[in-house]
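Written below as structure tokens is the structure these notes are about.
The values are calculated or read from the model by the stated rules, or taken from the named source; none is laboratory data. Model, not experiment: these values are computed from the prediction. Virtual Cβ from ideal backbone geometry, glycine too; neighbours counted across all protein chains shown.
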Amino acid sequence: MSRIPEKTRKDLKQEAARWEKEISTETPKQIQGLLNDAEALEPESLREEIRIGAERMAKRHEETIVAEEMETSKPFGEGMNSRHDPQNPEKSLAAVCGLFCPACTLFIGTAENEPHRLKAVADIYHTTPDVWECHGCRSEKRGYFCRNECKMADCAKEKGIEFCVECEEYPCQELRTFKELRPHRIELWENQRRIKEVGYARWYEEMLDHYACPQCRTLNSAYDLKCRSCGAEPSCAYVDRHKDEILAYLSNHKDRSQRTEFQG
């Protein structure tokens, strides 16, 4: 068997160590190439050292692939909870119009496996529940209203802005009309102002508290008069603040008053 210069052996060992730390999709090819090169090495102890390192790399690579597959196969919302993380605000859940997506009954129904919420809305509009599934305003999967009726998201995209408050026409007639139609939109102007003043991340943190149950901290929608987890009443600060308007709206829509409303 031919001998390889000391410098080459050293370089090969260093490369093997680097590959072992930086597992990538090319790892199987790297392992095979490493083993092929190792066959020319002497003594046997060095070849064995390389083979052991290659086995460790192969095992770690397999574990990495399995972990990635498990993560990507999770249903939307798995691993989430009704509290969310104020340290990691998600812009996809901060709607262009100023609504807070985690407090939307469609988002709650989708992300936290409460299908009765989607079914309630589907029954009202004579559709199937799946068309109301929503992952947030800026996501690829939005509920029927946000996908087909909302004009604000597309408008903001065309103008290259993140929130309506950044627009020279704010508040436009489209947004004014939108705000007046349902009580969960009452605070849009206040939300837009806070986003402009402190940024969406700080506003997001404030909204987590605003819609959280004072007893168990579960997030509730504007139409959850009682906490959906512990039954505390009112369910959150928003409901406490606007209960009269919410009840008046539900009273005027008696055919829907016993059903879950939606946040679109």
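Counting only residues that are surrounded by fewer than 16 Cβ atoms within 10 Å (Cβ to Cβ), in a loop (DSSP other than H, G, I, E, B) and either modelled with pLDDT of 85 or more or among the small types (Gly, Ala, Ser) (or both), how many does the range 76-106 have?
Qualifying residue count, the range 76-106: 1.
Condition first: on the phi < 0 side of the Ramachandran plot, part of a loop (DSSP other than H, G, I, E, B) and out of contact with any helix residue (DSSP H, G or I) (no Cβ under 9 Å at 6 or more places or on another chain). Can you find one or more residues in the range 138-152 that meet it?
Yes: the range 138-152 contains one or more residues that are on the phi < 0 side of the Ramachandran plot, part of a loop (DSSP other than H, G, I, E, B) and out of contact with any helix residue (DSSP H, G or I) (no Cβ under 9 Å at 6 or more places or on another chain).
Among Glu180, Glu190, Glu206, which is the only one that is surrounded by fewer than 20 Cβ atoms within 10 Å (Cβ to Cβ), over 25 Å from the mean Cα position of the chain (by Cα) and not aromatic (Phe, Trp, Tyr)?
Result: Glu180 is the single residue among Glu180, Glu190, Glu206 that is surrounded by fewer than 20 Cβ atoms within 10 Å (Cβ to Cβ), over 25 Å from the mean Cα position of the chain (by Cα) and not aromatic (Phe, Trp, Tyr).
Could you please find all residues in the range 175-230 being among the aliphatic types (A, V, I, L, M) and in contact (Cβ under 8 Å) with a residue 40 or more places away in the chain?
Hits for the range 175-230 are Leu175, Ile186, Leu188, Ile195, Ala201, Met207, Leu208, Ala212, Leu219, Ala222.
Could you please find all residues in the range 217-241 being assigned to a helix (DSSP H, G or I) and surrounded by fewer than 18 Cβ atoms within 10 Å (Cβ to Cβ)?
Within the range 217-241, Ala237, Asp240, Arg241 meet the criteria.
Using the structure shown, decide if Glu162 is free of Cβ contacts under 8 Å to residues at least 12 places away in the same chain and among the acidic types (Asp, Glu).
no
With respect to Glu197, determine if the residue is surrounded by 13 or more Cβ atoms within 10 Å (Cβ to Cβ), over 12 Å from Phe100 (Cα atoms) and at pLDDT 95 or above.
no
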